[in-house]
């Protein structure tokens with residue numbers, strides 16, 4: 001009976017990994033780009049286990065970090081972006097989100113903050129896609 005339960009778990013685990021398009025221990029990288037024309041960008045990024053702290057980026061500056069997808073392929077990083085005219089919080093990497101994984105290609109998610117909003121680089125089309133507008137209220 002225990003053997004059968006183990007086989008069911010193994011099947012479910014493999015199916016979940018394949019369906020999510022994420023593989024445990026796969027190495028990933030996230031970059032945040034300040035695409036403003038003269039304004040500072042402040043960010044605070046974290047996962048459940050890692051708080052990367054507050055960062056202040058000058059125009060053109062890139063802040064990035066690397067990590068490995070966890071065993072259950074549920075890795076999630078999110079960031080709060082803010083500048084003088086707005087703020088926004090969103091996931092910057094989530095192994096279970098197919099569109100995000102599709103844009104990031106095999107290993108790198110690149111986000112860019114601009115005056116009109118936040119963009120994600122689509123590795124397939126080689127262009128930045130508009131993702132989020134700035135929230136104006138604090």
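Summary of values
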read-out: Selection from the stretch 65-89 of residues that are closer than 16 Å to residue 48 by Cβ, touching a residue at least 40 places away in the same chain (Cβ under 8 Å) and in a strand (DSSP E or B); value: 67, 68, 77, 79
read-out: Some residue of the stretch 96-104 being crowded, with 16+ Cβ neighbours inside 10 Å, modelled with pLDDT under 95, over 13 Å from residue 30 (Cα atoms) and in contact with a helix residue (DSSP H, G or I) (Cβ under 6 Å, 6 or more places away or on another chain); value: yes
read-out: Filter result (closer than 22 Å to residue 38 by Cα, exposed (fewer than 15 other Cβ atoms within 10 Å of the Cβ) and within 11 Å of the chain's Cα centre (by Cα)) within the stretch 65-95; value: none
read-out: Qualifying positions in the stretch 47-64 - in contact with a strand residue (DSSP E or B) (Cβ under 6 Å, 6 or more places away or on another chain) and in a strand (DSSP E or B); value: 52, 54, 55, 56, 57, 62, 63, 64
read-out: Answer residue from the stretch 24-46, given it is assigned to a loop (DSSP other than H, G, I, E, B) and more than 25 Å from residue 117 (Cβ to Cβ) and is nearest to the chain's Cα centre (by Cα) among those; value: 26
read-out: Complete set of residues in the stretch 106-135 that are more than 16 Å from residue 75 (Cβ to Cβ), part of a loop (DSSP other than H, G, I, E, B) and at pLDDT below 95; value: 123, 124, 125, 126
read-out: Qualifying positions in the stretch 104-115 - under 22 Å from residue 44 (Cβ atoms) and in contact with a strand residue (DSSP E or B) (Cβ under 8 Å, 6 or more places away or on another chain); value: 104, 108, 109, 110, 111, 112, 113
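The values are calculated or read from the model by the stated rules, or taken from the named source; none is laboratory data. Values in this document were obtained by computation on a predicted structure and should not be read as measured data. Cβ atoms come from the backbone with ideal geometry, glycine included; neighbour counts cover every protein chain shown.
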